Amino acid sequence: MELNENISAVVTGGASGLGAATARALAAKGVKVAIFDLQAEKGQAMADELGGVFCECNVTDEESVDAAFTKAREAIGQERILVNCAGTGNAIKTASRSKEDGSIKHFPLDAFNWIIQINLVGTFRCIAKSAAGMMTLDPLPDGDRGAIVNTASVAAEDGQIGQAAYSASKGGVVGMTLPIARDLSREAIRVNTILPGIFNTPLLAAAPQNVKDALAASVPYPQRLGEPEEYAGLALTMIENGYFNGEDVRLDGAIRMAPR
């Protein structure tokens, strides 16, 4: 897909981190961008910076997602690109014993479901609604009708202690990538997923420097945190390369996560 001013895109989680970097990279190619996020102040600032539109959006809420797509399409037209970066995580053991009194507790199921709803169901909700919209468009001269990029995590393949919910949610994103690509193949809509490793995002911004240094040292090469712009570069490759479809690609400096 050739990126230019005639193309529109939706980036979920676009107010910061990986989503913001991708939104900037798309806008730099002339693409009109809609930012979907819960962070209203940051999201509006990003939209203003890019000359796009901000749509406050909770990916776990059907009405919120519908309203966001409606607002975006009225402002910049039907999107041909969807990049799913909205997500979150937690760290709770499946079951654990208290060091203080020996009492045993298990992972609260509402906390488990919360992660699944945001990272997995929320991603699928946006894919389904965006794909349905893309299907109303004529294919571009190169044959593409649309392109979708999802965000999983290396935790989908080597999750750490306490990451049962997070790994399950991201593993689900990986698992559904190929079936969705196959579902949409006759409509000329491509679907790919990125599995980032340890990235320099707002999630890590508050961590002490020694923690960041230790994380960077755990990466085989290069021994540093990934930068959001590197994620954005791979996302754009997946969008622009018309033969890129149905793939799940790790972007991690060759790291394989240890148990803890």
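Computed from the coordinates by the stated procedures, all read-outs in this text should not be read as laboratory data. Nothing here was measured: the structure is a model prediction, and the numbers come from that model. Quick reminder, even Gly has a Cβ in these numbers, built from the backbone with ideal geometry, and neighbours come from all protein chains shown.
Among the residues of the range 192-247, those that are touching a residue at least 12 places away in the same chain (Cβ under 8 Å), among the aliphatic types (A, V, I, L, M) and outside any helix (DSSP H, G or I) comprise Ile194, Leu195, Ile198, Val219, Leu225. Lys105 fulfils the conditions (1) basic (Lys, Arg); (2) free of Cβ contacts under 8 Å to residues at least 60 places away in the same chain; (3) surrounded by fewer than 17 Cβ atoms within 10 Å (Cβ to Cβ); (4) not in a strand (DSSP E or B) except for a single criterion, (4). Reported count of residues in the range 56-93, each being of a type outside the set (A, V, I, L, M) and within 22 Å of Trp114 (Cβ to Cβ), is 16. Exactly one residue among Asp144, Asp110 is closer than 25 Å to Asn4 by Cα and either within 14 Å of the chain's Cα centre (by Cα) or not hydroxyl-bearing (Ser, Thr, Tyr) (or both), and that residue is Asp144. Answer with yes or no whether Lys71 is surrounded by 12 or more Cβ atoms within 10 Å (Cβ to Cβ), among the charged types (D, E, K, R) and out of contact with any Leu (no Cβ under 8 Å at 6 or more places or on another chain). Judged against the criteria, Lys71 is a match.
Confirm whether Gly159 is buried (at least 17 other Cβ atoms within 10 Å of the Cβ), within 22 Å of Met257 (Cβ to Cβ) and under 16 Å from the mean Cα position of the chain (by Cα). So Gly159 does not fit the description; no. Within the range 15-53, the residues that satisfy the criterion of being part of a strand (DSSP E or B) and closer than 30 Å to Asp110 by Cα are Ile35, Phe36, Asp37.
Assess whether Val31 counts as being closer than 10 Å to Cys85 by Cβ, of a type in the set (A, V, I, L, M) and in contact (Cβ under 8 Å) with a residue 12 or more places away in the chain. Answer is no for this residue.
Here Lys99 clears all of (1) over 14 Å from Ser130 (Cβ atoms); (2) touching a helix residue (DSSP H, G or I) at 6+ places or on another chain (Cβ under 9 Å); (3) part of a loop (DSSP other than H, G, I, E, B) except the condition numbered (2).
Per-residue answers, yes or no, for (1) closer than 15 Å to Arg190 by Cα; (2) of a type outside the set (D, E, K, R):
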| site | (1), (2) |
| --- | --- |
| Ala67 | no, yes |
| Lys71 | no, no |
| Thr94 | no, yes |
| Asp101 | no, no |
| Pro108 | no, yes |
| Ala111 | no, yes |
| Pro139 | yes, yes |
| Arg145 | yes, no |
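When restricted to residues that are closer than 15 Å to Met238 by Cβ and either β-branched (Val, Ile, Thr) or part of a loop (DSSP other than H, G, I, E, B) (or both), the range 123-170 contains 7.
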